[in-house]
Each structure stands twice: as C-alpha cells, then as structure tokens.
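To start, the structure under review is shown below, and the notes come after it.
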Amino acid sequence: MAKNDLVFRIGGAAGDGVSSTAESFAKMSARSGLHTWTYSSYQSVIRGGHVWTQIRGSLGPVLSHGVDPDVVVALNQQSMDVHQGDVVEGGAIVYDTDGTKPDPAKLRRNVRLIGIPLRKKAQTLSPNALMRNTVALGAVVKLFDIDFRHVESAFKDIWGDKKPEIVQQNIAAAKLGAEAVGQMGGSLNLGLPYSNEAKYLMTGNEAICLGALAAGVKFLAQYPMTPASSILHWMASHGPKYGVVVKQVEDELAAMNMTVGAGFAGVRAMTATSGGGFCLMVEAIGQAGMTETPLVAVLVQRSGPSTGLPTKTEQGDLNLALGAGQGDWPRAILAPRNPEECFRQAAQAFNLAEIYQTPIILISDLYLGEGYRTVEKLDFNVPIVRGMMAADGGTAKDFMRYRITESGVSPRALPGMKGFQHVAATDEHMENSELISDVLAGLPEHVEERRKMHAKRMRKLDGLRKDTPPPELWGPKNADLTLLIWGSTWGPAHEAIIQVDETEGVKVNSLEFPTIFPFHADQTEQLLRGAKQTLAVEGNYTGQFTRLLRAETGHKADRFYGKSDGEPFTWRDIADHILEAVA
Amino acid sequence: MKLEFEMDTYKSEIKPTWCPGCGDFAVLRALQTAIHALQLEPWNLLIVSGIGCSSNLPHFLSTYGFHAIHGRALPVAEGAKLANPELQVIVTGGDGDGYGIGVGHFIHAMRRNFDITYLVMNNQIYGLTTGQASPTSEKGMKTKSTPIEGVIENPVDPISLALASGATYVARAFSGDVKTMAELVKNGIQHHGFALIDCMSPCVTYNKINTYDFFRERVYDLQKEGHDSSDMKAAFAKAIEWPFVQRDRIPLGLFYRTEDVPTYEDLEPALKKGPPVRQPLGVENPDELLREFL
C-alpha cells in the first residue's frame, strides 16, 4: 500500500524553540495541502525538561497524531534517548553532531542517521541560538520533499515585513539544512503528491473563539490556566476589533461572576478555564442558573486531581460539570469532538444560553484545545436566536421576570429597558422576584410557590434536550462491537475502527455524544438496541460518562477502557482494546 | 420646578425586612434621597448586592437590581458595567460581604477605578448568620464565634485599604446622620471613578458595643476640621486614626477624592465602539479573520 501520510516529531528542552519550530512545520504541511494534526507533549516548566511535538500530514482526512514518526529531530541527548527507537523502518533522525549521539542498537532497520553540526552551521549566519532549529527544519523539509516556498512564507508570517534580515537569515539557515541532507542521501522519497492548496489550520480553542465571534460574543472574562489560556490570548488580541471586552481578572470567582453580570446586562458573555478554575466558578454558575442569566462556560480539561498534570490531557471533569453548584438547576453540557464542532457548538451554545436563559457548558480537553488540526472553511453564517424578551410584546404593567410558563422560560428584560425594572435574585423568589426565603418560606402557599418556581426552571431541560444535538452512530450498522465515546476520543477511535476493518476485517462502530446533558436517553436506547457488545472508551479512571450512561439508560457497558495517564489516546491504544474485545 | 421623579417613584412595593432601628434604614433613605436629588432614571440604574441583611436593599427600590451570591456583588457589577457602561451602577452590601469573603474583589475593583459607587453597610458583626465576628469587629469583641477571648485579630480598615488600592473617592458616613450620608452618596454617584462610602450602620440586635451612642460620642466631621480631601497623605493620616491609633474620635466625611485618574471604562479598547450591548453581532468579513489560519 502506498504511503499516504508523513509523521514528524521534534524533541528538545523547554526554551529550545521546539513548539515554534513544530508550529512552522505544521503550517508548511497544511500549505502543502496535507490534512494536518499535531500533538504537543510538554511540561509545567519554562526552561529545561523534555518537550516534544508530533505533526502528522496526510493526503486524506487525518484523525489523530499518528503513532511512530518517519523523521525525528533530536535537539538534545534526552530527545535522542527517548525517541530514537520509535522511528519507522527507513525513517531518519536529524541531530546535532555536537553533543548528541544515537545508539544504533536501539534503532529499527534502515533508519538513516543524519548528523549535522546544527549549531555551528547556524552560527555562521547569526548568533541567535534558536537558529539551529531552522537548520534542522530545512533538513526535514528536504527529507519530505516539501516545496521550499512554504518555508519562506512561514518565516515571513512569523517575522513579517518588519524584520526582513531575520527572514533572510532563517531562509539561509534552512537551506544549509536542506543541502546537508542532499549530501547525505537526499530525501526519503515518500512520493507524496502535494497539492499545495493551503488548508485552514487551527486549534480547538481557536475554533471556539471563532464560533463565539460568529455568534456575537461581546464579553470574555478569564483567569489564565493551562490549557484554556490560549482562548484568553487569542481573544485579547482579536476581540476589541469586534467590540468584545476581554478581561483578565483576579480569579475564577471574578471571571464567572463578571460573566454573569455581563450576561444579565444583555451581552453574549463567556468565560473559559480548566478544572481547577471551574471548581472556583461552581457557586457562581449556579447563581446564573437561579437568576436565569445566560452565559457560556468553556471547560478545557487537563489531568487532575488537584493541580494534577497541568500540561497533560484527560476527560476527568465531566462529573464536575454535571454536578457543579448546590441544588438542581438546568444546564446543558456540549462536548465537541473536533475543531469544526468546537466552532459550531460554541456558536450554538450562545443561542441555547439565551433561549433558555441558563448557563451552557462546553467541555473540551487539552488534546483538542491545544492541538492544531486542518479544518474545512468555517461558515460564519450561523443562526443567531436571542430568545424571549419582555419588550417583544408584553407590557411593562404586567411584566414579571420569573413568570411561570409551560416551557419554563420567562420573558426577559435588560437593564435600561424602561418600565421593566426587576431584581434578579439568588434567593428563591416569586414570579415578581420578591424573595420567598426571608419572611415567606414555609408558609403553606409559599411552599407551593417554591415548588412551582423550581419546577419552572427545571422544565427548561425538556427544551434543551430537544434543541441539543442527539447521539450519533458512526460506522457500519452491523458491527461486532460498538464503542461508546465522547469528546476528543472521536479521532483516534475512528482511526482505530478504520484500521481494524482494513487489517483484520473486524467490523466496529461508535456511538458518540455531542451532547452529554440533558441526556438523550430515548435515542441512546434505540441506537444501543442493535449493539452486540459495547466498549466504553474515555479519558478518566472511573468512567464518568459510562456511569452517566448507565444511570440514564440502564445500559452497563460490556467493557470499559479508561485512560488517565496524561497522554492522549492513540488509534493503536484503542485498536488493541477492540481486538481484545472481539477475540 | 416640578421634578420628573418623586421620592416615592424610587420605592418598590416590598417593605424592608430589617430589625426595627437597624442602621440600614438610614442607608436606604440616604441612597433614595441621593438618586432623587440627581433625578436618575430608575431603568438606567442598576443596584447590585451580595448576601447579608444589608444586601436585601435592591428589593426595596424600583430600579434594576441583581441580588448576587455572598461576596461577589462587585464582579457582577463590573461585568454589567462593561457590557453597558451607560448604566449607573451602585453596589450595596455589608462588611462581611465586602471586606471579608469579597475582599479580593474589593481591592481589584478599586485598582481598576471602575465608575461604580460602593456603599458598605458596616455594622462590625455578622447579622444574618446571628452574630459572629466580622472582619471589622474590634479587637477583644466577644461574639458567638469568639466567645472566650473575644476577637484576637486586627480589624480590616476599609478606608486605608481603599486609599492604598486606588479608589478615587473615599468617604465614611454614619447612619445617625442621614443628611450628610445622602450628600456623600450623591457626590459619590456623581464622581467619575470608584467611590467607596463606608457607612457605619449599627446592628441593634447583635452588636452591643458599636451602637448609635458609641458613634455619637466619638464622631467628628473631617470637612469641619479643615481636612484637605485632595491630599492623599493627609487622607492616610486621618484614615488610620480609628481603629488603629485610638478609639475616642472617629472621622466622618470625605477622606479623599481625585478626578485626575481615568476610569477602566475610559481605557478599555473595546468600549471605544460604544456600549457592547448595542453592537451588532457576528463577523462582517470572516475571510479577513480566517486569513491568519491559512
């Protein structure tokens, strides 16, 4: 079978410029017309340690960062030690001959060792230490036969017109690397027919920002926390142009409470964080549920518990999202599977938040949030539905902010609207927002008022269930095994399904859940009816989704594969568990 | 001249639930007097509060209100102000709410110098939870939560804290003098920047030490003694008089005011287009936005 993809991995210490070199290569891959997917493994350190990034480019749609690399660049000895054994047969390792040594005993067959005095070559052009990466990058470009014009355009993107001399130095450095490969056997001759039609490349977090902008977000308050910080960064530099107030605040308590205030005042408002920050937001998000204030909260998960592995991925915060806040209040939890869905669901979340006047949680993770993937051109023409406003028909005279309705949704009024003044209250309240808690609680008619008001809010779940995307069955109808998955597991799971079909003839499909809550129990039960055997795959220890599925449908997954070691699923991980299940 | 809004226009149908004699009645009256004097439109006025006896205040007025969770009134108010800077935003609450659980937000709101007026009904005790020590309880005060030795911590001094944090209007009022309080609140609302009015508001049920009489015997008017409220150093000197230096004389009035500092809203780049709440939604030219991803 002809090879249809390339896999490149670069490793070094934090501060060596690994991620920027990798980003440049990902851009080159996307501009060569390849479907591209990246994964960065890094640590909670600014200098030192060991970081690596893998980029996979493919002629067809790509579903994961792949497994073993064709080419490794080892910027230090540790990178050589860790990665040399992974390089595929016939692949290559590029390294600095000053200070780095491969161990031939650890290599697969026919792995080419391309030792170049990277630093020395770079120093002939510039004293900048990071320029050695550019020499290595040039070597990689040559090994994969990538058109050199993409190297030039990538450098122009980084340094622009302001520093033409740096652009020229880097182009020269890349040429030195390419020439060195030319003298040491030339390219890998993978024979990939590059279309050179550029594809859009972005992270899941960036796609969420774009979806929010398309939906008309006007407010983001956030406290820095990996892996959600890039949402703050992107919005801070782009938001003001679109009239978006972007505020870094003192803590996540303030982030959520400011978002509540902005939502109450009438703008589309959002906040973003990871698990630890979401813990601090819990009381205030319940406040939004009680006061019926629309907002969107993005939860980009990382490894817990507590500070956990801040730079590693996990799907361990689902219970947190499901149970956030005291008491019962209506929420929806959407779980995008890929950047396109990040975009669509972010846009949809703002509609749901305003239609149902309640918080919508978008749950993602580090693997999806920070990894770069090529996407089809995003359609910014998203529907915008702002929900019921009192001034749309009602009169100020009979306005009651928390009027009891069948749908649970009451007419909303914004500060500034004449005659519709009211108080939004976190204490239990009556239709006119007068408190029940203080001097009325326990009086027989107010016991009934409380019951009705609580039921009114909770009825919104019926509408949310109808308006949120239903579960989907992907793959052949008659399968020996059905995977149960949510979120970023989508890509590696699909690739595993394709692989076991191609190599072993095993038929597997997957039942996946773009909406986690309110749970679509009826459709799920229907879709599960044909399943012969089920294997739940999720990135946590206890099977948080698997247990929810059982609670909502009574279906106990036949098998469970939970991964919580910090690393994302590879297709091979999942394929192994599939084969074990059907053996 | 006939005024557009009568005093009663600002009253809601809900009667205050405070204990008879509570200092908070005076603060409500002072606030109502101030907004009446300024003839503010009730629908463009947003009063945000937290949790505690005093935080029920928004319910008793006919403006927009947000009765938030404990300690978080300020960030809710900041979010609302950023979404719609044309709203007049007033925050009310107690000492536990603002100087205890919410003290982090208190400092940050002041350093940002939002155009927000903050009225703290400071009774030096937790009232709604039935009488525990508050962050402004005096040292030695015996409460339900400090029954043996009394309070062994130093109290928070909100006036010094406000001066150090960048508030641009810092005043202290007393519920025994509604007229002066109303004047301080009115000027605070008119002030372009963050205004703190620390209102000594006796709790007649749980604080038997810091009573109306306690204050009447000790208070004096800063302005009558010739204090220069444009002088920050002088303001600090007056601020630390009570409770740190002595407890015989308690200064009331305006400690400090400056109009020379731009507000957060003045500097926020996104607001240059006008209030976000009135901006069109969506992206006009997505291709331009998408170009950086190609």
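Brief remarks on what is shown
- Segment A:333-352 residues that are crowded, with 24+ Cβ neighbours inside 10 Å, paired with ones that are modelled with pLDDT under 95 and of a type in the set (K, R) (beta carbon under 6 Å, 6 or more apart): none
- Selection within segment B:34-67 - more than 16 Å from B:M121 (Cβ to Cβ) and either under 17 Å from the mean Cα position of the chain (by Cα) or not in a helix (DSSP H, G or I) (or both): B:I35, B:L38, B:Q39, B:L40, B:E41, B:L45, B:L46, B:S62, B:T63, B:Y64, B:F66
- Those residues of segment A:373-417 which are among the aliphatic types (A, V, I, L, M) and within 20 Å of A:T358 (Cα to Cα), in sequence order: A:I384, A:V385, A:M388, A:M389, A:A390, A:A391, A:M400, A:I404, A:V409, A:A413, A:L414
- Boolean, B:N122 is touching a residue at least 24 places away in the same chain (Cβ under 8 Å), buried (at least 24 other Cβ atoms within 10 Å of the Cβ) and not aromatic (F, W, Y): yes
- Residue in segment A:331-353 that is in a loop (DSSP other than H, G, I, E, B), within 14 Å of another protein chain (Cβ to nearest Cβ) and touching a strand residue (DSSP E or B) at 6+ places or on another chain (Cβ under 6 Å) present: no
Every residue, every condition in (1) of a type in the set (K, R); (2) within 14 Å of another protein chain (Cβ to nearest Cβ); (3) in a strand (DSSP E or B); (4) in contact with a strand residue (DSSP E or B) (Cβ under 8 Å, 6 or more places away or on another chain), yes or no:
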| site | (1), (2), (3), (4) |
| --- | --- |
| A:R401 | yes, yes, no, yes |
| A:I404 | no, no, no, no |
| A:D462 | no, no, no, no |
| A:P469 | no, no, no, yes |
| A:T489 | no, no, no, yes |
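- All positions within segment B:39-72 that are touching a helix residue (DSSP H, G or I) at 6+ places or on another chain (Cβ under 7 Å) and among the aliphatic types (A, V, I, L, M): B:L45, B:L46, B:I47, B:V48, B:I51, B:L57, B:L61, B:A68, B:I69
- Every listed requirement among (1) surrounded by 18 or more Cβ atoms within 10 Å (Cβ to Cβ); (2) under 20 Å from the mean Cα position of the chain (by Cα) is met by B:Y206 save one, (2).
- The set of residues in segment B:230-258 being closer than 19 Å to B:D177 by Cβ, surrounded by fewer than 19 Cβ atoms within 10 Å (Cβ to Cβ) and small (G, A, S) is empty.
- Looking across segment A:509-523, the residues that are in contact (Cβ under 8 Å) with a residue 60 or more places away in the chain, more than 16 Å from A:M458 (Cβ to Cβ) and outside any strand (DSSP E or B) come down to A:F513, A:P514.
- Residues of segment B:81-102 that turn out to be of a type in the set (A, V, I, L, M) and either in contact with a Pro (Cβ under 7 Å, 6 or more places away or on another chain) or touching a residue at least 60 places away in the same chain (Cβ under 8 Å) (or both), as a count: 4
Here is a yes/no grid of residues against (1) surrounded by 14 or more Cβ atoms within 10 Å (Cβ to Cβ); (2) within 19 Å of A:G57 (Cα to Cα); (3) among the small types (G, A, S); (4) out of contact with any helix residue (DSSP H, G or I) (no Cβ under 9 Å at 6 or more places or on another chain):
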site	(1), (2), (3), (4)
A:V87	yes, yes, no, yes
A:D103	no, no, no, no
A:R119	yes, no, no, no
A:L130	yes, no, no, no
A:T134	yes, no, no, no
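- Test: residue in segment B:91-99 that is closer than 23 Å to A:T426 by Cβ and either among the polar types (S, T, N, Q) or within 12 Å of chain A (Cβ to nearest Cβ) (or both): yes
- Any hit, segment A:552-564, residues being crowded, with 21+ Cβ neighbours inside 10 Å, within 24 Å of the chain's Cα centre (by Cα), among the small types (G, A, S) and not assigned by TED's automatic domain parsing to the domain that holds A:C342: no
Residues are listed down the side, and each one gets a yes or a no for (1) in contact (Cβ under 8 Å) with a residue 24 or more places away in the chain; (2) assigned to a helix (DSSP H, G or I); (3) within 14 Å of another protein chain (Cβ to nearest Cβ):
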residue: B:Y220; (1), (2), (3): yes, no, no
residue: B:S229; (1), (2), (3): yes, no, no
residue: B:F244; (1), (2), (3): yes, yes, no
residue: B:V261; (1), (2), (3): yes, no, no
residue: B:E265; (1), (2), (3): yes, yes, yes
residue: B:V277; (1), (2), (3): yes, yes, yes
residue: B:R291; (1), (2), (3): no, yes, yes
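- Residues that are in a loop (DSSP other than H, G, I, E, B) and buried (at least 21 other Cβ atoms within 10 Å of the Cβ) within segment A:417-428 comprise A:F420, A:Q421, A:H422, A:T426, listed in sequence order.
- When segment A:183-209 is filtered for residues that are within 14 Å of chain B (Cβ to nearest Cβ), more than 12 Å from A:V244 (Cβ to Cβ) and not in a loop (DSSP other than H, G, I, E, B), the ones remaining, listed by number, are A:Y200, A:L201, A:M202, A:T203, A:G204, A:N205, A:E206, A:A207, A:I208.
- Residues located in segment A:382-399, provided they are in a loop (DSSP other than H, G, I, E, B), surrounded by 12 or more Cβ atoms within 10 Å (Cβ to Cβ), among the small types (G, A, S) and more than 32 Å from the chain's Cα centre (by Cα): A:G394, A:A396
- Restricting attention to segment B:28-44 and to residues that are away from chain A (no Cβ under 14 Å) and farther than 15 Å from B:C199 by Cβ, the residue that is surrounded by the most Cβ atoms within 10 Å (Cβ to Cβ) turns out to be B:H36.
Yes or no, residue by residue, for (1) within 29 Å of A:P61 (Cα to Cα); (2) surrounded by fewer than 23 Cβ atoms within 10 Å (Cβ to Cβ); (3) out of contact with any Phe, Trp or Tyr (no Cβ under 8 Å at 6 or more places or on another chain):
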| residue | (1), (2), (3) |
| --- | --- |
| A:P444 | no, yes, yes |
| A:K466 | no, yes, yes |
| A:L473 | yes, yes, yes |
| A:K477 | yes, yes, yes |
| A:D480 | yes, yes, yes |
| A:L483 | yes, no, yes |
| A:V506 | yes, yes, yes |
| A:L528 | yes, yes, yes |
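- Residue match in segment B:8-26 (condition: more than 12 Å from every other protein chain (Cβ to nearest Cβ), under 28 Å from A:E428 (Cβ atoms) and of a type in the set (V, I, T)): no
- Residues in segment A:362-381 include at least one that is surrounded by 15 or more Cβ atoms within 10 Å (Cβ to Cβ), within 12 Å of chain B (Cβ to nearest Cβ) and assigned to a loop (DSSP other than H, G, I, E, B).
- Qualifying strands (runs of 3 or more DSSP E) (wholly inside segment A:212-322; at least 2 residues being at the interface with chain B (Cβ under 10 Å from one of its Cβ atoms), surrounded by fewer than 24 Cβ atoms within 10 Å (Cβ to Cβ) and of a type in the set (F, W, Y)): none
- Segment A:440-459, residues that are among the small types (G, A, S) and assigned to a loop (DSSP other than H, G, I, E, B): A:A441, A:G442
- All positions within segment B:72-96 that are within 23 Å of B:S134 (Cα to Cα) and assigned to a loop (DSSP other than H, G, I, E, B): B:R72
The values are calculated or read from the model by the stated rules, or taken from the named source; none is laboratory data. Every value quoted in this text rests on a predicted model; they were computed, and no experiment measured them. Positions of Cβ are generated from backbone atoms using ideal geometry, with glycine treated the same way; all protein chains shown enter the neighbour counts.
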